[in-house]
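Trainee: Dropping the structure in here first, questions after.
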Amino acid sequence: GSSTDLSVEVNLSTFGSGFTTLVDWGQAGGEHLSSVRDSVTNELPNRNRSNLTDYRQALSQAQASLDARAQALDGSSCKIVLWLTDGKLDVDGRGDKPATDAARVELCQPGGIVDGVRADGVTVIALALMTSEGEGSVTDLDRQRLQAIAEGTGGGETCGTVPVNDSVSNGAF
């Protein structure tokens, strides 16, 4: 962001059953970056208690925020989501019930949410902060599904149109 031709901006949001912006858009430096760091240190540790992990909220709302910011700037921007999650897709409290299965379809069907994010030029970099301990813990399949959301495939899982078309944004897991 030190180049006069490049402006790097960042915001910080969380998701669970909903989507909350903790720090709005601003330059990735100076006072704004200090606000982001303070929020990460002081607010994020208390936000890991949601009993739901709705990936639809995360991706749809992040995409909407990025689109709104791009419009406010001039309409052209590079859009990246650094997506950290400590939970598997779970919209009904157990992660293995009909509502969660339906959410997975909504995300991953061809032309679904993930294809829309890719087609909008949003690169998703997903980091799984998941443990394999305790009730409702994640499995290798849950990690593969998160990888498939970011990259198109993960293990034996797929998400969105596969293979990912060269004309849309790719992600990383």
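Trainee: Which entry in [x] 36, 22, 11; [y] 26, 19, 17; [z] 27, 21, 13 matches semi-axes √(5λ) of the Cα gyration tensor in Å derived from the coordinates of this structure?
Mentor: [z]
Trainee: Out of all DSSP beta bridges in the chain, what portion is antiparallel? Express it as a percent rounded to 5.
Mentor: DSSP beta bridges in the chain are roughly 55 percent antiparallel.
Trainee: Could you check the spin-label model distance between Ala68 and Ala102? Points 7 Å from the Cα along Cα→Cβ, value in nm.
Mentor: Each label point is offset 7 Å from its Cα along the Cβ direction, giving 2.7 nm.
Trainee: Moving on. Of all the accessible heavy-atom surface of the stretch 23-112, with the other protein chains kept in place and a 1.4 Å probe, what percent is carbon and sulfur?
Mentor: Roughly 47 percent of what the probe reaches on the stretch 23-112 is carbon or sulfur.
Trainee: For the stretch 1-99, what does the alpha-carbon gyration tensor say about shape, rounded, prolate or oblate, given a ≥ b ≥ c as the root eigenvalues, a/c under 1.5 as rounded, and a/b over b/c as prolate?
Mentor: It is oblate, given that a/c is not under 1.5 and a/b is not larger than b/c.
Trainee: Going by amide H atoms built from the backbone, whose H comes under 5 Å of the H on Leu22, apart from near neighbours?
Mentor: Those lying under 5 Å, H to H, from Leu22 are Leu12, Ser13, Thr14.
Trainee: What list of ³J(HN,Hα) couplings, whole Hz, do you get for the stretch 27-41 from phi and the Karplus terms 6.51, -1.76, 1.60, once you set θ to phi - 60° and write x for glycine and proline?
Mentor: 4, 7, x, x, 4, 5, 5, 4, 5, 5, 4, 4, 5, 4, 6
Trainee: Need the full-extension length gain, Thr139 to Arg47, defined as separation in residues times 0.36 nm minus the C-alpha distance. One decimal, nm.
Mentor: Stretched fully, the Thr139-Arg47 segment lengthens by 30.9 nm.
Trainee: Just add up the charged neighbours of Asp54: K/R +1, D/E -1, any other residue whose Cβ is under 12 Å from the Cβ of Asp54.
Mentor: 0
Trainee: Still on this model: Starting from the amide H of Gly112, placed 1.01 Å from N in the peptide plane, find each other amide H under 5 Å away whose residue is 5 or more places distant or on another chain.
Mentor: Under 5 Å from the amide H of Gly112: no residue qualifies.
Trainee: With all protein chains present, calculate the accessible area of Arg47 using a 1.4 Å probe and round the result to the nearest 10 Å².
Mentor: 100
Trainee: Can you tally the net charge around Glu9? Count Lys and Arg as +1, Asp and Glu as -1, for every other residue whose Cβ sits under 14 Å from the Cβ of Glu9.
Mentor: Surrounding charge for Glu9 is -2.
Trainee: Here's something else I'd like to know. Using Cα springs under 10 Å in a Gaussian network model of the chain, which residue among Ala72, Ala28, Ala150 shows the largest mean-square fluctuation?
Mentor: Ala72
Trainee: Using Cα pairs closer than 8 Å and at least 6 residues apart in sequence, work out the relative contact order for the chain, in percent.
Mentor: 17
Trainee: Using the alpha-carbon atoms, what tilt in degrees (0 to 90, nearest 10) does helix 98-108 show relative to the longest principal axis of the chain?
Mentor: Tilt of helix 98-108: around 50 degrees.
The values are calculated or read from the model by the stated rules, or taken from the named source; none is laboratory data. A quick note: this is a predicted structure, and the numbers were derived from the prediction, not measured. So basically every Cβ, Gly included, is an ideal-geometry build from the backbone, and we count neighbours across all protein chains shown. The accessibility values were calculated without ligands, DNA or RNA, using every heavy atom of the protein model including side chains. Shrake-Rupley method; radii C 1.70, N 1.55, O 1.52, S 1.80 Å.
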